[in-house]
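The values are calculated or read from the model by the stated rules, or taken from the named source; none is laboratory data. All of these numbers come straight from a predicted model, not from anything done at the bench. As a convention, Cβ positions derive from the backbone with ideal geometry for all residues, glycine included, and neighbour counts pool all protein chains shown.
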Amino acid sequence: MRFSGSSLWCRAALLAAMMLAVPMAQAELPSDIGLKPENVSLPPMSKHWVWVNDMVFPHMSDGQIHLFDGDTGRFLGMVSTGYSGHGVLSPDGKTLWSAETYFSRHTRGTRTDVVTVYDTSSLKVTAEISMPPNRGSSIPVVGVSGVTDDGRFLLTYNFNPAQSVSVVDTRANAFVGEVETPGCALVHPSGPRSFFSVCADGGVMTVVLDDTGHVVSQSHTDPIFDMTKDPVTEKPIRIGDVWYFVTFDGDIRPLHANAKGVTALPAWPLFSSEEKKAGWRPGGVLQLAGHAGHKRLYAIVHQGPRDSHKDGGRTIHVYDLESHARVQTIRTQHPVGVIAVSSDDHPLLFAASPEATDLYVYDARSGKLRRTVTEAGTSIMYLNTR
């Protein structure tokens, strides 16, 4: 059937007249006159809560941290973290510190670096601490920020391109100063007044602070890691006084660390010789997790070439920290590159991928998938649990 131009115009006019003749339904919305902001308190904190650090790659100046209840999958709240923000929980879980960067014109202009202090019972901002604009602009991995064991000093890694660590007094909510760490990257707390950084030569620098946050001593070890033959990744985990590093080829290199310095403990492999020949190796953005009480280490693994150390996988191996034996293998339904385990007696294993939006919640002991939280983030890079 063909219509002339005038016929089509007539039909369009008739349709418009019919629409005008029909009364439009209008929703009666309640008036917001007189409404005021309300202070809302969250339920009592659970060990099964997880803080999802979302870098939001499509618009990185609008970073976020989402809070979810792993037992229900319920979304509990969100805080904004600016560009490349990284959240750190206080030892008692009552405070969230977020090291953040902002620009006066959103994506350009005068730069401002701050530590924003949040009350975790309400997600309300309680303080903002200014710092020199030297923060390292990186994805929020382990070591970008940390807090001393007693929660007194927040430590933030700087790269501009000189390397240093900013020290913030969390009691006074004040910037203390910077500790120069030339050739040594990131920050790993090792006590109430100490931290260490791994250096380019494979050695480790230990820094001890006094009660005001100023440096008492700095020491540098001889090379511990072989940064040429089989380097460690920058993504260790801490269980007790031991930091567990993993190499590109899949060997665990533990360091016992305290204010006196670091001691290298015996290395042990994640894979057999046959598995290494078959290309099995660890990978991911946050590829290790641990449970101190159950003495377990979790590792995302996959098959791939040596330069695939950032690639996730569909397999999580679980190891006994005393025997170093593999005691469990968890197969995930989707590729994951970020994991974390809650610290309670009935732990949950949280898993996500920086390239996907969903958060997967597993029973850490049985390996069974308990639930999937859809649209948990845009670019999930880090998971924080207690």
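Please work out which residue is surrounded by the fewest Cβ atoms within 10 Å (Cβ to Cβ), limiting yourself to the range 176-196 and to residues that are in a strand (DSSP E or B) and free of Cβ contacts under 8 Å to residues at least 40 places away in the same chain.
180
Return the total of residues in the range 195-214 being within 25 Å of residue 228 (Cα to Cα) and either polar (S, T, N, Q) or touching a Cys at 6+ places or on another chain (Cβ under 7 Å) (or both).
5
Please enumerate the residues belonging to the range 220-243 that are assigned to a strand (DSSP E or B) and more than 16 Å from residue 191 (Cα to Cα).
220, 232
Of the residues 247, 206, 228, which is among the polar types (S, T, N, Q), closer than 27 Å to residue 321 by Cβ and free of Cβ contacts under 8 Å to residues at least 24 places away in the same chain?
247
Just a yes or no: is a residue in the range 356-364 assigned to a strand (DSSP E or B), on the phi < 0 side of the Ramachandran plot and either among the small types (Gly, Ala, Ser) or loosely packed, with under 14 Cβ neighbours inside 10 Å (or both)?
no
For residues that are crowded, with 21+ Cβ neighbours inside 10 Å and farther than 15 Å from residue 164 by Cβ, tally how many sit in the range 199-213.
2
Which condition number does residue 126 fail, the rest of (1) without any contact (Cβ under 8 Å) to a residue 60 or more places away in the chain; (2) surrounded by fewer than 22 Cβ atoms within 10 Å (Cβ to Cβ); (3) over 19 Å from residue 51 (Cβ atoms) being met?
Going through the list (1) without any contact (Cβ under 8 Å) to a residue 60 or more places away in the chain; (2) surrounded by fewer than 22 Cβ atoms within 10 Å (Cβ to Cβ); (3) over 19 Å from residue 51 (Cβ atoms), residue 126 breaks only (3).
State yes or no: is residue 219 surrounded by fewer than 17 Cβ atoms within 10 Å (Cβ to Cβ), out of contact with any Leu (no Cβ under 7 Å at 6 or more places or on another chain) and within 29 Å of residue 90 (Cα to Cα)?
Spelling it out, residue 219 is indeed surrounded by fewer than 17 Cβ atoms within 10 Å (Cβ to Cβ), out of contact with any Leu (no Cβ under 7 Å at 6 or more places or on another chain) and within 29 Å of residue 90 (Cα to Cα).
Of (1) surrounded by fewer than 13 Cβ atoms within 10 Å (Cβ to Cβ); (2) more than 20 Å from residue 383 (Cα to Cα); (3) among the basic types (Lys, Arg), residue 74 satisfies all except one. Which?
Result: residue 74 passes all but (2).
Do any strands (runs of 3 or more DSSP E) entirely within the range 43-160 hold 1 or more residues that are under 26 Å from residue 246 (Cβ atoms) and among the acidic types (Asp, Glu), and if so, which?
49-54
Does residue 216 satisfy the criteria of being farther than 21 Å from residue 144 by Cα and not in a loop (DSSP other than H, G, I, E, B)?
So residue 216 fits the description; yes.
Assess whether residue 329 counts as being more than 17 Å from residue 380 (Cα to Cα), modelled with pLDDT of 95 or more and not hydrophobic (A, V, I, L, M, F, W, C).
Criteria met by residue 329.
Just a yes or no: is a residue in the range 300-323 over 23 Å from residue 141 (Cβ atoms) and either of a type in the set (D, E, K, R) or at pLDDT below 95 (or both)?
Yes, the range 300-323 has at least one match.
Can you tell me which residue within the range 359-386, out of those that are charged (D, E, K, R) and in contact with a Gly (Cβ under 9 Å, 6 or more places away or on another chain), is modelled with the lowest pLDDT?
Checking each candidate, the answer is 386.
For the range 182-215, what are the residues that are hydroxyl-bearing (Ser, Thr, Tyr) and under 23 Å from the mean Cα position of the chain (by Cα)?
Within the range 182-215, 190, 194, 197 meet the criteria.
Scanning the range 77-114 for residues that are closer than 16 Å to residue 51 by Cβ and charged (D, E, K, R), which turns out surrounded by the most Cβ atoms within 10 Å (Cβ to Cβ)?
Restricting to residues being closer than 16 Å to residue 51 by Cβ and charged (D, E, K, R), the top hit is 100.
Looking at (1) of a type in the set (A, V, I, L, M, F, W, C); (2) crowded, with 23+ Cβ neighbours inside 10 Å; (3) out of contact with any Ser or Thr (no Cβ under 7 Å at 6 or more places or on another chain), can you tell me which one residue 327 breaks?
So the condition that residue 327 fails would be (2).
Inside the range 337-386, can you point out the residues that are of a type in the set (Asp, Glu) and either touching a residue at least 24 places away in the same chain (Cβ under 8 Å) or within 21 Å of residue 299 (Cβ to Cβ) (or both)?
Those that are of a type in the set (Asp, Glu) and either touching a residue at least 24 places away in the same chain (Cβ under 8 Å) or within 21 Å of residue 299 (Cβ to Cβ) (or both): 344, 345, 355, 358, 363.
When you scan the range 293-300, do you find a residue that is exposed (fewer than 14 other Cβ atoms within 10 Å of the Cβ), more than 20 Å from the chain's Cα centre (by Cα) and either in contact (Cβ under 8 Å) with a residue 40 or more places away in the chain or more than 24 Å from residue 229 (Cβ to Cβ) (or both), even just one?
Checking the range 293-300: at least one residue is exposed (fewer than 14 other Cβ atoms within 10 Å of the Cβ), more than 20 Å from the chain's Cα centre (by Cα) and either in contact (Cβ under 8 Å) with a residue 40 or more places away in the chain or more than 24 Å from residue 229 (Cβ to Cβ) (or both).
For residues that are crowded, with 20+ Cβ neighbours inside 10 Å, touching a Pro at 6+ places or on another chain (Cβ under 7 Å) and in a strand (DSSP E or B), tally how many sit in the range 301-317.
2
Select from the range 244-263 the residues that are in a loop (DSSP other than H, G, I, E, B) and within 26 Å of the chain's Cα centre (by Cα) and write down the one among them that is surrounded by the most Cβ atoms within 10 Å (Cβ to Cβ).
So, considering only residues that are in a loop (DSSP other than H, G, I, E, B) and within 26 Å of the chain's Cα centre (by Cα), the one surrounded by the most Cβ atoms within 10 Å (Cβ to Cβ) is 250.
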